[in-house]
Structures are given as structure tokens and as C-alpha cells.
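The values are calculated or read from the model by the stated rules, or taken from the named source; none is laboratory data. Because the structure is predicted, anything quoted here is derived from the model rather than measured. Please note: Cβ atoms are built from the backbone with ideal geometry, for glycine as well, and neighbour counts cover all protein chains shown.
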């Protein structure tokens with residue numbers, strides 16, 4: 001299991017060569033963001049973890065605007081229950097898989113806020129996520145792309161969000177029992193509009209589109225910010241039984257994954273994921289080439305494990 005002990009809360013830690021110390025939420029502008037996602041059907045274990053994730057987003061402060069796209073079973077009921085927006089009218093490919101171009105475009109049209117975040121529907125977010133976003137809003141960046149590694153955790157039941165300090169307890173559990181995923185596994189993206197208003201017609205939940213997101217930012221010389229050190233993005237582990245061929249088909253071997261790769265310009269699975277900046281417990285820091293190389297070497301065991309899972313199973 002990956003050692004996560006070195007990951008600290010935003011208010012702690014020390015490092016040399018940092019720019020400015022992260023302010024508290026109260027010191028930042030209280031402007032909400034817009035979170036959008038494309039859930040699967042709310043059935044069985046997938047239904048449980050998706051509801052856990054969306055509920056956690058509704059508890060962020062300031063509360064974000066939340067948009068659920070798609071017409072899968074249960075989305076409308078969950079949207080009504082959690083009082084979030086539901087947009088059923090989206091485009092699909094010939095396999096019936098939602099297409100991201102219509103989703104990203106509609107999200108920007110509906111967003112009441114200048115900052116958007118696409119988040120996979122199995123990711124639980126805590127308020128350290130908003131703190132990182134707000135820090136970027138105070139920089140001189142006109143455009144940026146923020147993401148970070150997720151922490152994989154086994155969660156099989158509905159969480160009790162009425163429990164006092166549920167977020168602190170869950171964060172501690174994730175740091176102790178979870179496993180940090182490879183840097184190429186990207187489950188949330190934060191960016192200001194109108195960035196990504198127009199993107200290729202990628203299939204949701206298939207490979208390569210997330211790497212295109214990074215590659216596009218690099219080509220435009222937009223700051224790409226790694227928030228791994230300050231954001232605990234909790235990924236609730238699940239299987240891929242909903243797709244014939246499993247995880248390998250979803251990301252690299254299936255026809256939809258191959259179509260995504262073609263739309264992305266046939267980039268490699270590792271293309272573009274390297275960040276040019278990183279958020280640390282004490283502030284924003286420019287990444288140096290040697291730092292990027294070191295991060296790549298540290299991530300090699302995690303990437304090798306992922307490579308085996310998607311190529312050899």
C-alpha cells in the first residue's frame with residue numbers, strides 16, 4: 001500500500017522555495033463554483049457510491065452549483081432528492097455512451113459561475129478542494145487547469161453525512177487505509193470558462209480524453225496545477241462489470257477507447273499529464289524539470305500496476 005502519511009492538511013506543513021502561504025476559506029472570495037458530471041445508472045454498489053459522492057459535493061461551502069447530465073436510471077430521483085440540476089438531453093454515440101462535447105458545452109452555458117469542475121461521479125470531495133480552487137482564483141492566472149491524484153478507498157455502504165465531523169473521519173480513514181492512484185488517473189478537472197467550451201466528441205468513461213484535456217492546456221501554455229498535496233479526492237473503488245471487457249476495454253482496448261484515442265490525436269496514455277505548477281501546504285510553486293522527473297520516477301510503481309491492469313487483464 002502506498003504511504004500517504006506525508007500528505008497534510010492545507011494549514012500545516014513547511015517547504016523551502018514556496019511563494020505565498022495558502023489563505024483560509026474566510027480570507028477568500030465567497031464565490032461558488034459549478035460542478036458537473038455524468039452518472040451511471042443508480043443501481044447496486046455504483047448507485048451507493050455515486051450518491052455518496054454527489055451528497056459530499058452538496059456539503060461543500062460555499063455550496064456549488066451541481067449539474068447531473070444524462071438519462072440513466074435514477075438520475076432524476078437523485079437530482080430531486082439532493083436538490084441539484086438534472087439535464088437529460090445530451091448526445092450519445094452509436095453504442096449509447098454519452099458524448100462529452102455536448103456536456104461540456106451545456107455545462108458552460110448553464111454555469112452561473114466563472115469556475116467549473118468536471119468530476120467523476122465516484123469521487124468524494126472535501127472542503128480542501130474548494131480551498132485549493134479559491135487559492136488559484138487569487139493568483140494572476142487568467143486561465144488554468146487544476147487536477148490531482150485520487151486516493152482509492154473501499155467504500156461499500158452509504159455514508160452517514162449527519163455524523164459530526166464526518167469529513168474529518170473520512171479523510172483520516174482515506175489517508176490511513178487508501179492507496180494513492182497513479183498520476184495518469186485523473187478524476188477531476190477545474191478550469192475557468194470559456195476554456196474547453198469546444199472539445200472533441202469523446203465518449204464518457206473511456207480512455208484518452210482526460211489526457212487530451214492536459215495536452216490541450218500545454219499546447220496553449222496554460223498553467224497546469226497539481227493539487228495532490230492539498231486535495232484529498234476520495235475515489236470509491238468499484239468494478240467494471242457494466243462494460244464487456246472490463247477496465248482494459250474502457251481505457252485502451254475497446255473500440256470506444258480507440259475512437260477516443262483517434263479523436264485525441266493518438267496521444268499516449270501518459271501524454272500531457274505532467275503539471276507545470278503545484279499547490280503545496282504553504283502555497284503555489286513552479287515545478288522544475290528535475291521535480292517533474294522525480295515525480296515520474298516515484299509514480300512508476302503505481303503506473304506499472306495500472307498498465308498491467310488495463311493491458312494484461
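So that you can scan it fast, the table gives a plain yes or no per residue for (1) crowded, with 19+ Cβ neighbours inside 10 Å; (2) modelled with pLDDT under 65:
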position	(1), (2)
256	yes, no
262	no, no
271	no, yes
281	no, no
288	no, no
297	no, no
312	no, yes
Residue 211 touching a residue at least 24 places away in the same chain (Cβ under 8 Å), crowded, with 20+ Cβ neighbours inside 10 Å and part of a strand (DSSP E or B): no
Select, from 184, 119, 190, the only residue that is more than 23 Å from residue 66 (Cα to Cα) and either within 12 Å of the chain's Cα centre (by Cα) or modelled with pLDDT of 95 or more (or both). 184
Tally the residues that are closer than 26 Å to residue 230 by Cα, part of a helix (DSSP H, G or I) and at pLDDT 95 or above, restricting the search to the range 24-74. 10
Only residues that are surrounded by 23 or more Cβ atoms within 10 Å (Cβ to Cβ) and in a loop (DSSP other than H, G, I, E, B): list them for the range 142-154, please. 148, 149
Inspect all residues belonging to the range 79-88 and state whether any of them is modelled with pLDDT under 95 and out of contact with any helix residue (DSSP H, G or I) (no Cβ under 8 Å at 6 or more places or on another chain). no
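Please verify whether residue 10 is at pLDDT below 95 and buried (at least 18 other Cβ atoms within 10 Å of the Cβ), treating the condition exactly as stated. I'd like the intermediate steps shown before the answer.
On the way: at pLDDT below 95: yes; buried (at least 18 other Cβ atoms within 10 Å of the Cβ): yes.
When the stated conditions are applied, residue 10 passes them.
Residue-wise test of (1) on the phi < 0 side of the Ramachandran plot; (2) surrounded by 18 or more Cβ atoms within 10 Å (Cβ to Cβ); (3) without any contact (Cβ under 8 Å) to a residue 12 or more places away in the chain; (4) assigned to a strand (DSSP E or B).
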position: 112; (1), (2), (3), (4): yes, no, no, no
position: 133; (1), (2), (3), (4): yes, yes, no, no
position: 140; (1), (2), (3), (4): yes, no, yes, no
position: 175; (1), (2), (3), (4): yes, yes, no, no
position: 186; (1), (2), (3), (4): yes, yes, no, no
position: 201; (1), (2), (3), (4): yes, no, no, no
position: 217; (1), (2), (3), (4): yes, yes, no, no
position: 225; (1), (2), (3), (4): yes, yes, no, yes
Right, residue 103: in contact with a helix residue (DSSP H, G or I) (Cβ under 9 Å, 6 or more places away or on another chain) and modelled with pLDDT of 95 or more or not? no
Scan the range 69-96 residue by residue and report those that are closer than 22 Å to residue 159 by Cβ and either loosely packed, with under 14 Cβ neighbours inside 10 Å or in contact (Cβ under 8 Å) with a residue 40 or more places away in the chain (or both). 73, 77, 80, 81, 83
